[in-house]
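Engineer: Quick one: the structure is below, questions incoming.
Nothing in this text is a laboratory measurement; each read-out follows from the coordinates by a stated rule. Being a predicted model, the structure only gives us computed values, none of them experimental. For neighbour counting, all protein chains shown are included, and Cβ atoms are generated from backbone atoms with ideal geometry for every residue, glycine included.
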């Protein structure tokens, strides 16, 4: 079995994050792909009917936008920080700025502060126009440093 | 999971609270495709608070090593529960939208366990609703997984202000 850290170091070597993202069932279920696009990590949630939260408008469920923001922040963290396992979410604050229309949604995260154990990430989601974000979030994640205590790279 | 269809009381009539529960349940599932896709369902409405449930499912897994469900699934459950609590407080079908949601993840939900979220809309003005929410393992409401605070925008048309005067 390929361990999480093997998967991540391979992805960092090849510049292809798809294998990490595809290993996560929930992202497959939502149709979220996250990869390097023109030198930056961009998350994309392909529109699908099962993402709708309001059939009258129609609009995407706020939770799906939250999941895209969180996942994009996680992948940004894996890319930049050293962690022996997937970053663990501690807090997230999501601001919903515009309703999510039934089209593809994108997200991009920026690490605000990286410590040894905790990372703070700001992340923004948009649809057709990047200058008109539909949501933004700030999140804290816990890392597991590669050291004597956290060397455990895989096993449950 | 709660029985969602209105139950007949002993005298053969459908009790008022069961009819309300059935309406909330319909609002949670029938009109919200993504709630249905995740299996989010109505559990109960009691004393002003509302409880929804999210059964464990392999498709919700966010960490393939630990099989723990993705934080996003908890976010969705809490957003849905907070929104339902606002609808219950409004007592009428007024459109609402989430303004912000702040979630603290206290501990991972255990693989295989159903998660419940209970929300209480504790303050409502003409345009804004304030909600707090707790998510916990269904078998023990004290076994908290996450807590959240949300604010919602209420799109009242003029003349539907029940209290009058709030901002």
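Engineer: If you fit an axis through the alpha-carbon atoms of helix A:4-14 and take the longest principal axis of the Cα set of chain A, what angle between them do you get, 0 to 90°, nearest 10?
Structural biologist: Between helix and principal axis, roughly 80 degrees.
Engineer: Here is a further query. Compute the relative contact order of chain A as a whole-number percentage, counting only Cα pairs closer than 8 Å that sit 6 or more residues apart in sequence.
Structural biologist: Here the relative contact order equals 23 percent.
Engineer: Now, a different point. If you count, for every residue in A:82-90, the Cβ atoms of partner chains within 10 Å of its Cβ, what is the mean?
Structural biologist: For this peptide, the per-residue mean of nearby foreign Cβ atoms is 4.
Engineer: For the protein assembly as shown, what is the mean residue ellipticity at 222 nm derived from helices alone (per DSSP H run of n ≥ 4: -39500 (n - 2.57); sum divided by total residues; nearest 500 deg cm²/dmol)?
Structural biologist: The helix-only estimate for the protein assembly as shown comes to -7500 deg cm²/dmol at 222 nm.
Engineer: Between the helical axis of B:71-90 and the dominant principal axis of chain B, each derived from Cα atoms, what acute angle in degrees is found, rounded to the nearest 10?
Structural biologist: 20
Engineer: Continuing with this model, one more query. Which of the peptides A:66-75, B:89-98 is most tightly packed, and how do the rest follow, judged by the mean count of other Cβ atoms within 10 Å per residue?
Structural biologist: The peptides rank, most packed first, as A:66-75, B:89-98.
Engineer: Ordered by packing density, taken as the mean number of other Cβ atoms within 10 Å over each peptide's residues, highest first, how do A:4-16, A:28-40 rank?
Structural biologist: A:28-40, A:4-16
Engineer: While we're on this one: Rounded if a/c is under 1.5, else prolate if a/b is larger than b/c, else oblate: which is chain B, with a ≥ b ≥ c the root eigenvalues of its Cα gyration tensor?
Structural biologist: oblate
Engineer: Shifting gears a bit: Treating the angle as unsigned and between 0 and 90°, give the value, to the nearest 10°, between the Cα long axis of helix B:16-29 and the longest Cα principal axis of chain B.
Structural biologist: Relative to chain B, helix B:16-29 is tipped by roughly 60 degrees.
Engineer: Output the relative contact order of the stretch B:16-154, whole-number percent, from Cα pairs under 8 angstrom with separation of 6+ residues.
Structural biologist: Answer for the stretch B:16-154 is 23 percent.
Engineer: I would also like to ask the following. When Cβ neighbours within 10 Å are restricted to other protein chains, what is their mean count per residue of peptide B:92-101?
Structural biologist: Taking the mean over all residues of the peptide, I get 5.
Engineer: Would you tell me the mean number of C-beta atoms belonging to other protein chains that fall within 10 Å of each C-beta in B:26-33, as a whole number?
Structural biologist: 3
Engineer: Using Cα pairs closer than 8 Å and at least 6 residues apart in sequence, work out the relative contact order for the stretch A:25-81, in percent.
Structural biologist: Value for the stretch A:25-81: 28 percent.
Engineer: Please list B:117-130, B:134-147 highest first by mean number of surrounding beta-carbon atoms within 10 Å per residue.
Structural biologist: The packing order, highest mean first, is B:117-130, B:134-147.
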